[in-house]
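Novice: A single structure is presented below for examination.
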Amino acid sequence: HILLRRPAAVKFLRADKMTQESIRLFEQEIRLTSKLCHPNTISIFDYGNTADDLFYYAMEYIDGLTLDELSRSYSTIPDGRVLNLLLQACGSLAEAHSYGLVHRDIKPQNIMVSEGAGYGDRITVLDFGLVTESHSMRDRNLPVRGTPLYMSPEAIQRQRTVDARSDLYSLAATAYVLLTGQPVF
């Protein structure tokens, strides 16, 4: 980040995907995620438009691996380490849920692990691109979005309200992959 003089990751809304709806969802992601300040949630520093009118936001740069990359590297992760990783992810989700936010896309690719300064693994929950306020999830006309291997049954079938429990299901499916090296289904 030029003004802050620190490394940052930048997410752009691709020009070929830019519609009124995608702009609305991108701005919603920024607005809702920027409310969060848990140490295991990605921090947003800045947002705006480039000179050629592309929407972007700058966020904390994490030097680490996604849980997907970690799982592929080690096949299975010891249960004590998985427990430590999950407790941190739960902290991030608990804060989001306390604001009435549902992540809707918890999966190994959206959680990074990095080395904390002298204290081992540090988890960061990323990509709140599908985040929504739980009261808005009652609309049965919302499109089904997410990664099927990690989506709760209610998120796929839309028979019930999708809420914080759906994120916990997705986190449990992530834990299963870390512990066994295989997806639940």
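Novice: Looking at SER71, is it within 25 Å of ASP46 (Cβ to Cβ) and open to solvent by less than 30 Å² (accessible area, probe 1.4 Å)?
Specialist: no
Novice: Residues being among the small types (Gly, Ala, Ser) and under 21 Å from the mean Cα position of the chain (by Cα): count how many of those fall in region 49-62.
Specialist: So the count comes out to 1.
Novice: Could I ask something else about it? Quickly run through region 74-98 and pick out the residues that are in contact with an Asp or Glu (Cβ under 9 Å, 6 or more places away or on another chain) and surrounded by fewer than 18 Cβ atoms within 10 Å (Cβ to Cβ).
Specialist: ARG81, ASN84
Novice: Looking only at region 11-35, how many residues end up being closer than 14 Å to GLY129 by Cβ and surrounded by 12 or more Cβ atoms within 10 Å (Cβ to Cβ)?
Specialist: The qualifying residues number 15.
The values are calculated or read from the model by the stated rules, or taken from the named source; none is laboratory data. Worth saying up front: this structure is predicted, and the values here are computed from it rather than measured. Because the Cβ atoms are built from the backbone with ideal geometry, glycine has one as well, and the counts that use them run over all protein chains shown. Protein only, heavy atoms only, side chains kept; ligands, DNA and RNA dropped before computing areas. Shrake-Rupley method; radii C 1.70, N 1.55, O 1.52, S 1.80 Å.
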